[in-house]
Ligand code: TRP
C-alpha cells in the first residue's frame, strides 16, 4: 500500500467511526422526537431488490417511517447512466422498485416516492452546486473511483465524475436531515454537507431567512450487519447469488439448495473459518429473529441440508406477506402509477420552493 493509500484508509476509518457515533446519537434522537427528522434515500433502478437490500436498508426505512420520521424515497433513474451505455428497461425496473417499496411496507400516504428525472427544479440545483466543487475534489471521491474501476477501462464520463453533486441535489432539494445509507455512500454525504455550507457562505440566504437554506444532512448507518450472497461472495445480481424479494417460495428453495456450504456436517457459527455456513446462519437469524448460535445448536449434526431447509423456511415465511402484496400490486399497475404521479407532484412543489429560495439568495430574480 502506498503512503497516500495508507493515509486515505486511516482517515476513512476515522470518519467511519465518527459517522457511526453520529448515527447512534441520531437513532436516540429519533426515539425521543421523530418529528424533527426528514429522511431521504433511494436506489438506482438497475434490477430486482434482493434480501441484501431488504435487511440492509429497506426494512430499516420502513421502521423509520413507522416511528414517524418523514419519508422521501427516490428512484435514482439518472444515476443509472453514470456507468452504463443505455437506460435499459428502466420503466419496468422503476415500477418493480416502487412495487418492492410498497410491498415491504412503505406507505404512500405518509411517504413521497418519486423519480428524480421528473423533477426539473431538483436537477437545476446541479448548476449552482457545480460552482461550489472542484474537479480534484470530485476525482478524489472514493465511490467515483471505485465505480470507475468497476467499469474496466471505460473513460470517466462527466456524469460519473459529477454525480455526487447530483446526489447532493437529491438530498438538499427537500432539505432532508437524515440519509439512511451504507458505508460506501459516506463520501457523498460529506460532499453534500460541504456543498450545503459553501452555498451559505458564498451565496447567502434569501432576505428574512435566519438560517442556511440547506441543513447539513447526516448519514444514518444501518445497524444490521451485511449478508453475503449464497456462494459467499458479495450479494449481487451479476453473480446470480441473490434471493430476490419477487421470487416465489419454490424459486427461493431452489436457489438456497444450490448455496455453497462445507464438508463439516456439524453446523457451527464461525464467520472466520466457515464464512458460507455462517452467512446462511445469519440469513436465517435475520429472517427469524433468533440468534445464529441458537439456530446452529438446533441443527447440530443435521448438516448443510438441514441448514438450507431452515433458511428456506425462515426466508419464505418472512417474505410471504410481502410477496402476496407484491403480486396484488403487479396485478394492478395503476396503483404504482398513481403513487409515483402523486410523489412526483409533491417533489416538484418542494423543489420549486427550494429553487425559488436559491434564486433569491443568488439575486437571480427578474
Ligand atoms: N447512490 C445511491 C445508490 O447507488 C442511490 C441514490 C441516489 C441515493 N440518490 C440518493 C441514496 C440520495 C441516498 C440519497 O444506491
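So which residues in the stretch 149-168 are under 26 Å from residue 196 (Cα atoms), more than 14 Å from the ligand (Cβ to nearest atom) and outside any loop (DSSP other than H, G, I, E, B)?
Residues satisfying the conditions are 158, 161.
Residue 65 versus (1) modelled with pLDDT of 95 or more; (2) touching a helix residue (DSSP H, G or I) at 6+ places or on another chain (Cβ under 6 Å); (3) in a helix (DSSP H, G or I): which is the lone unmet condition?
For residue 65, the exception is condition (2).
Which of the numbered conditions does residue 263 fail, given that it passes all the others? Conditions: (1) over 30 Å from residue 325 (Cβ atoms); (2) out of contact with any helix residue (DSSP H, G or I) (no Cβ under 8 Å at 6 or more places or on another chain); (3) at pLDDT 95 or above.
In the conditions (1) over 30 Å from residue 325 (Cβ atoms); (2) out of contact with any helix residue (DSSP H, G or I) (no Cβ under 8 Å at 6 or more places or on another chain); (3) at pLDDT 95 or above, residue 263 misses (3) alone.
Taking the conditions exactly as written (near the ligand (Cβ under 9 Å from one of its atoms), within 19 Å of residue 16 (Cβ to Cβ) and without any contact (Cβ under 8 Å) to a residue 40 or more places away in the chain), does residue 192 satisfy them or not? Give the steps one after another, and end with the answer.
Details: near the ligand (Cβ under 9 Å from one of its atoms): yes; within 19 Å of residue 16 (Cβ to Cβ): yes; without any contact (Cβ under 8 Å) to a residue 40 or more places away in the chain: yes.
Yes; evaluated as a whole, the condition is true for this residue.
Check residue 211 against each of (1) more than 16 Å from the chain's Cα centre (by Cα); (2) more than 14 Å from the ligand (Cβ to nearest atom); (3) touching a residue at least 12 places away in the same chain (Cβ under 8 Å) and name the one condition it does not meet.
Single failed check for residue 211: (3).
Scan the stretch 282-290 and give yes if some residue there is away from the ligand (no atom under 16 Å from the Cβ), in the same structural domain as residue 57 (by TED's automatic domain parsing) and in contact with a helix residue (DSSP H, G or I) (Cβ under 6 Å, 6 or more places away or on another chain), otherwise no. Break it down into steps so the answer makes sense when it comes.
Taking the stretch 282-290 and keeping what is away from the ligand (no atom under 16 Å from the Cβ), we get 282-290.
Subsequent filtering for residues that are in the same structural domain as residue 57 (by TED's automatic domain parsing) retains none.
No - not one qualifying residue is present in the stretch 282-290.
Just the residues that are away from the ligand (no atom under 12 Å from the Cβ) and in contact with a strand residue (DSSP E or B) (Cβ under 7 Å, 6 or more places away or on another chain), please, taken from the stretch 40-55.
Result: 48, 50.
Can you name every residue in the stretch 68-83 that is more than 17 Å from residue 161 (Cα to Cα) and either part of a loop (DSSP other than H, G, I, E, B) or within 11 Å of the ligand (Cβ to nearest atom) (or both)? Spell out how you get there, then give the answer.
Residues of the stretch 68-83 that are more than 17 Å from residue 161 (Cα to Cα), as a first pass: 68-75.
Within the stretch 68-83, 68, 69, 72, 73, 74, 75 qualify.
The values are calculated or read from the model by the stated rules, or taken from the named source; none is laboratory data. It should be emphasised that the depicted structure is a prediction, and the values quoted were computed from it without experimental measurement. No Cβ is skipped: glycine too gets one built from the backbone with ideal geometry, and neighbour counts run over all protein chains shown.
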